[in-house]
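Read-outs: derived from the displayed coordinates by stated rules, not from any lab. Computed from a prediction, not measured in an experiment: that's the story for all the values here. Because the Cβ atoms are built from the backbone with ideal geometry, glycine has one as well, and the counts that use them run over all protein chains shown.
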Amino acid sequence: MTNSPKAIKNFPFPFKSDAYMYSVNIQPVTNEALFDVDEHYHGEIEERDRILQADKSGRYFAFPHMKDAQWDALEIIMNDLADYYPESFTLTQEGDRWTWLNKKLNLEDTFTFLDETTLPYEPFEYISRQVQEDIILLDQREGDLFLDAGILTFPASWSLDFDAGMRFEEFHGPVPRAHELGVFKKAKAFLMRVQIGKPWTRLNWTMTVNRRLDTSLETYADWGSDRNTVTLDNCGEKVHLRVEVQRFVRLPRSNGLMFPIHTYLISLEELVTNPDWTRRLYQVLKNLPPDLVEYKGLSLYHHTVITWLSQVVDEPELAEFHS
Amino acid sequence: MNEQVVRVVEIEKLTPRIKRFRLVSVNGKLASFSPGSHLAVEIPLAKRQYNSYSLCSSPYQTNFYDLAVLLSENSRGGSEYLHQITTGTELKLGLPKNSFALNSLARKYILIAGGIGITPLISMLFVITRHQIPFELHYAAKSPTECAFYRFLQQYGDRVKFYFSERGNRLNPKQILQEQPLGTHVYLCVPQSLREDCRGAASALGYPKSAVHRELFGAVKTNKFKPFTAVLARSEQRIDVPQDKTLLEALEAAGIKANYSCRAGGCGACEVKVIEGEINHLDSYYSPAEKAEQNRILTCISRAKSKQLVIDL
Ligand code: HEM
Ligand code: FES
């Protein structure tokens, strides 16, 4: 699965300067879908289904006190999809009788809003199986945000099982520097005040070897050693920049917070078709502090990528040769 | 603020001084809300103002909002205005906000209301009973006729206790709060003196602070900002910041390249050093200690207390 020219053009390239450091990089979302339905929809929905069928534990959970939050999530997602992709999704509401039509998956269900027994899965699982985003639902209480429900089939090296029930600063525990910089305290204070109807967004990035969305800690044995296989020859094809478009959405009835994560992968040879991106990424990787290189799991191939990119920067025609 | 436009479809006199207004949307759908939420209502008087009221309908009800409004003698005219409107009137509302949210993990809820303070607790009852969590409601009022929702509350039987001052019934915080199960959360929407009594009793009985909640209305924007002048230290350019513009907007209007990300005082991207002048910090980004240093400002939200602010640009 590769990206079409259109997908490459739309890729959410994350770097605004040549040096990357953690900050409270949050921006408002305006007149834009919260959930992105792109050319990888079918592939990713099937992949998600396969992962959930193989072993749902560690990939999906919702604590019992998250029932209202589940319906909130379902309501927001259905409305968002129907508003922004009317050719594929339709929501018909007659009082509490709702009919959901997903033409992409050839699926139609009529159910009673707030009555769980009328859906084939509980509401959060039902709807999150139909989007490409991983989604975390956070409960807001005691001046904190708790990771109390989630679906996570495409994580960048973390474990839903391990983080279940944790507080905001606890599940960010392993991140270097950001605690000392005060990023998490400030980010949390901000998130707790996110208002109904005023969602926010931020980008996060790392790198992945091979076009693989499921880099969970649970499946580490399947992908960890791929990082040993990067060479100057296969770098452009194997190494991917991995960008997460994250959203922060207030859940109106439960007063919780929804955190959808859409993961986009672009191979280096796709990326270098844009010379500005090539130069930027080269600089960012050169300037990246060692503890971030380590945390992001780049240590084994960071150097190879820099060398490869330097060749492309110096001799752009190599890019064409590679792609 | 005209985020929601509603029409009044029903007005009910709950007591001689409290009216309930049922509102439906004119321009689409009503925003959903969580129990304990309030919202701003625009009062279209000569001097436009916004009053905050708690929602007292069910959060699961998607077609209408209910608000209950007390006619208050020393108001700025907002409640008088609402008490004389008729059905069919259109009103402008803000979006719901919640500073009095239910803790979703409570084993039991104790709700304590005084007079009009009952309103946010009504919306909570719909949620608490749907989730079948034990609760008690203790409700102090002058008399049954001065007691809003008196009939409505009968359905909950002996889980609701009334205290009518006319009959000499007094609410005793200690008696109510003692011998409750671990994990009980207390919600107070009562006059200040009773609130202090309740908090004192809760603390003496060992309730954790985070288990005692009180209603605090979020400040509704008054737009009462003062204009000031920003002086750019490097170019000595003077930029006037009018009351209805942020410093960031004024800088941009003057063609000065200024950083920003969230434009809401939350991310720090627009920070600028302050060389001289007193800052009125309005952000949620700096800690109190950082605010006290008075040496940097978030231009997207904060302003000057002094007439002029010299900044490092
Ligand atoms: C509320 C929703 C959020 C959730 C559920 C969440 C969750 C996570 C998780 C699970 C990780 C991986 C930690 C690990 O290594 O085990 C992470 C990393 C991180 N998070 Fe968040 N986060 C949220 C919001 C934010 C916000 C608002 C910021 C803003 C500044 C932020 C900044 C970061 C950073 C900088 C990292 C390190 C990423 C990297 O270098 O690859 N997070 N987050
Ligand atoms: S732009 Fe984010 S704090 Fe000002």
Original post:
For a label point 7 angstrom out from the Cα of residue A:273 toward its Cβ, which stretches of segment A:1-16 have the backbone nitrogen within less than 13 Å?
Top reply: A:2-11
Original post:
Among rounded, prolate and oblate, which fits segment B:228-311 when a ≥ b ≥ c are the square roots of the eigenvalues of its C-alpha gyration tensor, a/c under 1.5 means rounded, and a/b larger than b/c means prolate?
Top reply: oblate
**OP:** Give the calculated FRET efficiency between residue B:197 and residue B:142 to the nearest 0.05, with a Förster radius of 25 Å applied to their Cβ-Cβ distance.
**Re:** 0.85
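Shape call for the protein assembly as shown from the C-alpha gyration tensor, a ≥ b ≥ c root eigenvalues: rounded (a/c under 1.5), prolate (a/b greater than b/c) or oblate?
prolate
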Subject >> Other protein chain Cβ atoms within 10 Å, averaged over every residue that makes up B:266-277 >> reply: 3
**OP:** Compute the length gained on full extension between residue A:6 and residue A:293: take 0.36 nm times their separation in residues and subtract their Cα-Cα distance, giving the result in nm to one decimal.
**Re:** 100.3 nm
Subject >> Cβ-based charge dipole, segment B:169-313, positive-most Cα from B:259, B:198, B:184 >> reply: B:198
Original post:
Label 7 Å along Cα→Cβ of residue B:172; segment B:107-143 residues with amide nitrogen under 11 Å?
Top reply: none
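Work out the length of the dipole vector of segment A:5-315 about its Cα centre, built from +1 on the beta-carbon of each Lys and Arg and -1 on the beta-carbon of each Asp and Glu, and round it to the nearest 20 debye. Write out the running numbers ahead of the final one.
Details: 33 positive and 49 negative charges, 207 e Å.
Computed charge dipole of segment A:5-315: roughly 1000 debye.
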Original post:
Given H placed 1.01 Å from N in the peptide plane, which residues other than close sequence neighbours of residue B:140 have an amide H under 5 Å from its amide H?
Top reply: B:113, B:114, B:115, B:163
**OP:** Output ³J(HN,Hα) for segment B:298-313: one whole-Hz value per residue in order, computed from phi by the Karplus curve 6.51 cos²θ - 1.76 cosθ + 1.60 with θ = phi - 60°, and x for Gly and Pro.
**Re:** 8, 5, 6, 9, 7, 9, 9, 8, 7, 5, 9, 9, 8, 10, 8, 9
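When the chain is fully extended, how far beyond the present Cα-Cα distance does residue A:21 get from residue A:231, taking 0.36 nm per residue of separation? List each step's numbers first, then the result.
On the way: separation 210, 0.36 × 210 = 75.60 nm, distance 2.72 nm.
Here the segment from residue A:21 to residue A:231 would lengthen by 72.9 nm.
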**OP:** Any of A:56/A:296; B:245/B:307; A:6/A:296 with alpha carbons more than 19 Å apart? Name them for me.
**Re:** A:56/A:296; A:6/A:296
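Rounded to the nearest 0.05, what FRET efficiency do residue A:219 and residue B:60 have when you use their Cβ-Cβ distance and R0 = 41 Å?
According to the calculation, E is roughly 0.55.
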Original post:
Under 23 Å from the Cα of residue B:174, which lysines turn up, not counting those fewer than eight places away in the same chain?
Top reply: B:108, B:142, B:161, B:209
